[in-house]
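This report concerns only the one structure given below.
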Amino acid sequence: MSRSLPHPMQVRSVGSRDVLTPLPLPAPRSTSYSWVSLCGPLPWGLSCLLALQHILVLACLLCASHLLLLRSLTPGGLSYSPSQLLASSFFSCGVSTVLQTWMGSRLPLVQAPSLEFLIPALVLNSQKLPLAIETPANSSLLLHLCRGPGCHGLEFWNTSLQEVSGAVVVSGLLQGALGLLGSPGCLFPHCGPLVLAPSLVVAGVSAYREVAQFCSTHWVLALMVILLMVVCSQHLGSCHLPRCPWRPALTSSTHTHLPTLRLLSVLIPVACVWIASALLGLTVIPLELSAPSKAPWFWLPHPGEWVWPLLTPRALAAGISMALAASTSSLGCYALCGQLLHLPPPPPHACSRGLSLEGLGSVLAGLLGSPMGTASSFPNVATVSLIQAGSRRVAHLVGLLCVGLGLSPRLAQLLTTIPLPVLGGVLGVTQAVVLSTGFSSFHLADIDSGRNVFIVGFSIFMALLLPRWFRDAPVLLSTGWSPLDVLLHSLLTEPIFLAGLLGFLLENTIPGTQLERGLGQRLPSSFTAQEAQMLQKSRENTAQEYELPFPIQNLCPCIPQLLRCLCPLPEDHVDEEGGSSEPGEMSDLLPGSGEPCPESSREGLRSQ
């Protein structure tokens, strides 16, 4: 078991392979554990295991979101199997993931539905159904679904999901338009640590109610999953158990030690508890998704197989809120993933391409009848932080496996047998990692400043207060026009959108110096001029990770001027952050983006 390594290494992309190159370390650093990155390209066996691990996290997120949505609908007959609904979501997520890693942001991001799609869908369904108003003696007005014999107009699931799918299509079109126009690239440089950090904190906290709901079905199983994930990833994270008997490309050693427990700190706990619950007969599974049905083994998803998306004014309103909230969430995901992989902040062209292709994935999902769009998945990014490894090859395999699951509803139905407490345990740990990375971003800014203290506290607290307030008293948003009610209720109950919006407005309107806002971070004084120059050259090399693949780069001159925001400009090759940076001073938005990859637990693997 190794605790420290004299020469930390990092995988860098060279052509179509990854090779091991030493990183310049200006000063030695003490760490709790560290390990040398893989020599040469990632082995296919390990890549498949890591991809399967991300599939399990994605399945937990998909099952949780679909389960919450189906439980909110009125009782009725569904003309197709819920597993086919889940398979269509897997298919769209797989296609979107492949496009994102190939020519989108180029980060190893897994695409999945999120709460940013679920909340407007729940609002759309709740306002579509008859409501019964209850006025308790000592509380505000509460609205409940009217399910009694005196209620009329209850609709079947098909019609409800049809309108939600229409909202997903609208959100995809709007998100794609925003990306093509370059709006994300224009806004992202103005999102400093005081904008991104509150958004990440709220993103981690906002799902605690749903996680607790799933864990409460069987707390013993949930605690077993959480305990095993913590032990494997943290306490035994530096244990090098098996040896990998393959010859590295640049070393003379014939064996390479791998921190197996940390790399598989999600797969091992989920598999153990899943098998144990099956052997003990603890079938705590979502009945709405795993009920016996005639799901086919092979099925080719195509638009309009069941019903076409229903475009109504209320679906348009819900789609607008989905697009705005999903865009805010995805930009935070880009920043978080770049931070974990020790990359510079994503340049404008990468943000614009990423959101454009996410919009395309949402359009595909809506046309296939899925009630959920696609966006960058926070739980999967947190998995990258948990296992301390990220790879484009793994992300590509995840996309292909998702497409395969989308072609076989019977295989997709197998994932619905994951016990509910396991879903809660996995989501609980991953959301906690997202929360902690949000807190770790505050150190870039002067957190002792009264200005910054107000922005952080106000953004986080109001982003959590307003959704709770309007959830308990939705009658406050009754304007008399249903589409406007849906739009306002959706936006004001989206925690991450509120955190990002409030942080952005306060950060860019309250006066403050660059250093106070965390936009003028200097290198440590112990860095010599030569070390700073080496560091700057390393940053320029890693910034190339955001560039388009070589065959597509040749098409950039043919792109119309209006869409040039999707391609890197000539000056981007000199400075990806849009400004001149001299050795010794940089404008970093994220922690660690201006530092070499340390001898710590955050050595990312970026493979082609």
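The values are calculated or read from the model by the stated rules, or taken from the named source; none is laboratory data. For clarity, every value in this text was computed on a predicted model and none was experimentally measured. Positions of Cβ are backbone-derived with ideal geometry, glycine not excepted, and every protein chain shown enters the neighbour counts. Just so you know, the surface numbers come from the protein's heavy atoms only, side chains and all, with ligands and any DNA or RNA stripped out. Shrake-Rupley method; radii C 1.70, N 1.55, O 1.52, S 1.80 Å.
In this rough spin-label picture, where each label sits 7 Å from Cα along the Cβ direction, the T283-C186 distance is 5.7 nm.
Residue separation times 0.36 nm, minus the C-alpha to C-alpha distance between V220 and V307: what's the value?
Result: 27.2 nm gained on full extension.
Heavy-atom accessible surface of the stretch 319-399, averaged per residue, reaches 11 Å², computed with a 1.4 Å probe. Per the Debye formula on identical point scatterers at the alpha carbon atoms of the stretch 331-465, with no solvent, log10 I(q)/I(0) at q = 0.13, 0.14, 0.22 Å⁻¹ is -0.78, -0.89, -1.54. Amide H contacts under 5 Å for A375: A112, restricted to partners 5 or more places along the chain or on a different chain, H placed in the peptide plane at 1.01 Å from N. For the modelled label position 7 Å from the Cα of T509 along Cα-to-Cβ, which residues of the stretch 427-451 have backbone nitrogen atoms closer than 20 Å? From the stretch 427-451, the list is 450-451. Among 178-190, 310-322, sorting by the average number of other beta carbon atoms lying within 10 angstrom of each residue, highest first, gives 310-322, 178-190.
Of the Cα atoms belonging to the stretch 278-386, the radius of gyration and Dmax stand at 18.3, 52 Å.
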